[in-house]
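Have a look at the structure below before the remarks.
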Amino acid sequence: MSARHPLRLASDPEPVSRPTPPAPGSALRDSFGRTHNNLRISVTDRCNLRCTYCMPEDVTFQDRSELLTFEEIAALVRVAVPLGVNKVRLTGGEPLMRKELYKLVRLLTAVPGLTDIGLTTNGILLAEHSQELFDAGLRRLNVSLDTLDPARFRSLTRRDGLERVLAGLEGAKRAGFSPIKVNAVAVRGFAEHDVVPLARYCRANGFELRFIEYMPIGAEAWEREKVLFASEILDRVQRGVGELVPANHDPSSPSLDYAYSDGGGTVGIIASVSRPFCASCNRLRLTADGKLRNCLFALDETDVKGFLRQATIDESGIANALRTSVWAKWRGHEINTATFVKPGRTMHAIGG
């Protein structure tokens, strides 16, 4: 750390006292008082990479008939928005493997009250789809990129494709996307080599870099010793790239953001292990096959596909399922306790 600007990770806010259960039509609030406005929607469990921290090499994907249609997804969002949801992020699997994804973006941009639509992608198909997504109304992108070295890229993703990801980032810039965030998972024994090169690359190209602490959500057995902690990452960036100072922090954001003191960009850290942000979490998830999950690490799911596939969509059933799922949310994921239980689904099947 810089002696002039030591960077410390703030502690979690104190949990609030439990309020009474929400009434029908009220905002999506859980029993700890957290209000939820951010819905992450997986559109597919399929992926063209096999990242070791995300999914197994050999995997059986769901039949396409089990996946929600774009119209069904939009119908659920239209129910969720009056309950307070104003942010949606499309994920996968790899969402760009879902054909004509821009059509879903168009449907979502037409929903009154939905003010923020984002997409998380591995970038492999981004170059060929950037312009059509931008023209459909998408403005925010997160691109997963853990290394700039082709051999290391293949080692981690078990596929080739680094040059396609870099081309996708360039294509997104040309299309007009802003901001473009680059997400890098920090696995000890691997990421140490990539922190500084990634920081320099993103700083030079105007991308917002965010490191994500390695979490127990992949197919492989999780080893806490493999977590490269936020403080270590920040120290490497400061020593190898430039001095950082804390930036303005949105308490609902999972990222702790820092700015280069010379004004040359930002670096964020999602410290799910060393600094859990559960106390201020405002997110819920919809899987590609129509299950609500109130936490990335949830052990229970609420099926809403049945409400969407009736002759007439059961909007009251969907709204009740949303409220019930959020209300049942636990205090936190307990990664750092002996009681933690790894979810049955891996990341690719939940939604990144």
Yeah, the stretch 211-352 with a ≥ b ≥ c from its alpha-carbon gyration tensor (a/c under 1.5 is rounded, else prolate when a/b outruns b/c, oblate otherwise) is prolate
Taking the Cα centre of each part, how many Å lie between the stretch 86-147 and the stretch 209-257?
24
So which trypsin sites (Lys or Arg not before Pro) in the stretch 287-347 end up in coil per DSSP with only 15 or fewer other C-beta atoms within 10 Å?
ARG309, ARG331
Quote the charge dipole size of the stretch 117-184 about the Cα centre in Debye, to the nearest 20; the model charges only the Cβ of Lys and Arg (+1) and of Asp and Glu (-1).
200
Within-11-Å neighbourhood charge of ILE117 [Cβ basis; K, R +1; D, E -1]
+4
Singleton cysteines, the chain, no second Cys beta-carbon under 4.7 Å -> CYS47, CYS202, CYS278, CYS281, CYS295
For peptides 310-319, 260-269, sequence by mean Cβ density within 10 Å, most packed first:
260-269, 310-319
Between the residues PRO246, ASN320, PRO276, the Cα farthest towards the positive end of the dipole of the stretch 234-324, that dipole coming from +1 and -1 charges on the beta-carbon of Lys, Arg, Asp and Glu, is from ASN320
Treating only the Cβ of Lys, Arg, Asp and Glu as charged (+1, +1, -1, -1), what charge dipole size does the chain show about its Cα centre? Round to the nearest 20 debye.
380
Rg(Cα)/(2.2 N^0.38 Å) for the chain, N = residue count
0.96
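Between PHE340 and ARG200, what length in nm is gained on full extension when 0.36 nm per residue of separation is reduced by their alpha carbon distance? Spell out each step's value before the answer.
Numbers: separation 140, 0.36 × 140 = 50.40 nm, distance 3.63 nm.
The PHE340-ARG200 span can extend by a further 46.8 nm.
Run lengths n ≥ 4 of DSSP H only: what is the helix-derived mean residue ellipticity at 222 nm for the chain, with -39500 (n - 2.57) per run over all residues, to the nearest 500? Before the final figure, lay out the partial values.
On the way: 10 runs with 96 residues, N = 352.
Rounded to the nearest 500, it is -8000 deg cm²/dmol.
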For the stretch 86-143, run through the trypsin sites (Lys or Arg not before Pro) and keep only the ones in DSSP coil with at most 10 other Cβ atoms within 10 Å of their Cβ.
LYS99
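Every number here is computed from the coordinates shown, using simple stated rules; none is lab data. The model shown is predicted, which means the values in this text are computed figures rather than measured ones. Cβ: placed from backbone, ideal geometry, glycine included. Neighbour counts: every protein chain shown.
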